[in-house]
Amino acid sequence: SQKIEQNSEALNIQEGKTATLTCNYTNYSPAYLQWYRQDPGRGPVFLLLIRENEKEKRKERLKVTFDTTLKQSLFHITASQPADSATYLCALGGYNNNDMRFGAGTRLTVKP
Amino acid sequence: GAGVSQTPSNKVTEKGKYVELRCDPISGHTALYWYRQSLGQGPEFLIYFQGTGAADDSGLPNDRFFAVRPEGSVSTLKIQRTERGDSAVYLCASSLMGASNSPLHFGNGTRLTVT
């Protein structure tokens, strides 16, 4: 069966460091992958989209990589701030449809 | 402009009752999604609409769940004979064309509690 795994439930880092979150998938060939941020009691908010033919995408302090051989995406936040503390979700979508499947998320805490 | 609006924000109902959850998407967005999220989990796909039609309803857990979008805008998720296991946050999202080309814009969800 298809699986999307975000490798840790929680990640704690010090302010100023780079946070790296992982999204692995099995039995899946996604055409694209998206990353979202979710704060408690709120809906997810879109951050970045990367397609299967793109290796890397950047937006300000955020960087996403997509390795279809390893079946893995890495999400980096550089120069992390306490305000970056939230749950981060990866989501995968296929070629012939527009439905998206989400991972369970990783809760990031950035300590001052 | 206004984002995705979901009503009610909270709903408490007794086991066996019928509930309707409403979603008002961003104006002009043709794609609409329903997800269910339990505590500590990611959103679980339920159904996806493109316009008025359900393009993919493979995530609906059983025939107690049904969703409509009669005019291609507002959508209603209907749950019959609610069970305690239906308790979760129900999220709605809309997208300009569909998730492969444009991001999902989520509402803040309806927290459903079945007692």
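The values are calculated or read from the model by the stated rules, or taken from the named source; none is laboratory data. In this text, all values refer to a predicted model and were calculated from it rather than measured experimentally. For neighbour counting, all protein chains shown are included, and Cβ atoms are generated from backbone atoms with ideal geometry for every residue, glycine included. Only protein heavy atoms, including side chains, enter the accessible area calculation; ligands, DNA and RNA are left aside. Shrake-Rupley method; radii C 1.70, N 1.55, O 1.52, S 1.80 Å.
Before anything else, pin down the relative contact order of chain A: Cα pairs under 8 Å, at least 6 apart, normalised by residue count, whole percent. Walk me through the intermediate numbers first.
Values: 276 pairs, mean separation 39.6, N = 112.
Dividing the mean separation by the residue count of chain A yields 35 percent.
Express the accessible area of region A:9-112 per residue in Å², computed with a 1.4 Å probe while the remaining protein chains stay in the model.
Numbers: 5060 Å² over 104 residues.
The answer is 49 Å² per residue.
Evaluate the protein assembly as shown: find the radius of gyration of its Cα atoms, find its Kirkwood radius, and give the ratio Rg to Rh. Show your work: numbers first, answer last.
Working: Rg = 17.5 Å, Rh = 18.0 Å.
That ratio is 0.97, to two decimals.
Of the accessible area of the protein assembly as shown, with the probe set at 1.4 angstrom, what percent is carbon plus sulfur?
Numbers: 5110 of 11050 Å².
Here it works out to 46 percent.
What is the average number of partner chain Cβ atoms found within 10 Å of a Cβ in A:44-55?
Partner-chain Cβ atoms within 10 Å, mean over residues of A:44-55: 3.
Holding the Cα-Cα limit at 26 Å, pick out from A:K3/A:K111; A:K3/B:K11; A:K17/A:K59; A:K17/A:K57 the pairs that are longer than that.
Details: A:K3/A:K111 31 Å; A:K3/B:K11 31 Å; A:K17/A:K59 17 Å; A:K17/A:K57 20 Å.
Among A:K3/A:K111; A:K3/B:K11; A:K17/A:K59; A:K17/A:K57, the Cα-Cα distance tops 26 Å for A:K3/A:K111; A:K3/B:K11.
Ignoring ligands and nucleic acids, what accessible area does B:F65 show with a 1.4 Å probe (Å², nearest 10)?
Around 10 Å² of this residue is reachable by solvent.
Just by accessible area at a 1.4 angstrom probe, what is the order of B:M97, A:M100 from largest to smallest? Please list the in-between numbers first.
Details: B:M97 105, A:M100 0 Å².
Output order, biggest surface exposure first: B:M97, A:M100.
What quantity of accessible surface, computed with a 1.4 Å probe and excluding non-protein components, is buried in total between chains A and B, in Å² to the nearest 100? Walk me through the numbers on the way to the answer.
Details: alone 6480 and 6160 Å², together 11050 Å².
When A and B are taken together, about 1600 Å² of accessible area is lost.
Which value, in Å² rounded to 10, gives the accessible area of A:T20 with a 1.4 Å probe and all protein chains present?
60 Å²
Which of B:A54, B:A67, B:A93 moves most in a GNM of chain B, Cα contacts under 10 Å?
Its mean-square fluctuation being the largest, the pick is B:A54.
Would you report the distance distribution of C-alpha pairs in chain B as whole percents per 5 angstrom bin, up to the bin with the largest distance?
2, 13, 24, 27, 19, 10, 4, 1, 0
With a 1.4 Å probe on protein heavy atoms only, tell me which residues of region B:90-115 lose at least 20 Å² of accessible surface in the complex relative to the chain by itself.
At a threshold of 20 Å² (probe 1.4 Å), the residues of region B:90-115 that become less exposed are B:A99, B:S100, B:N101, B:P103, B:L104, B:F106, B:N108.
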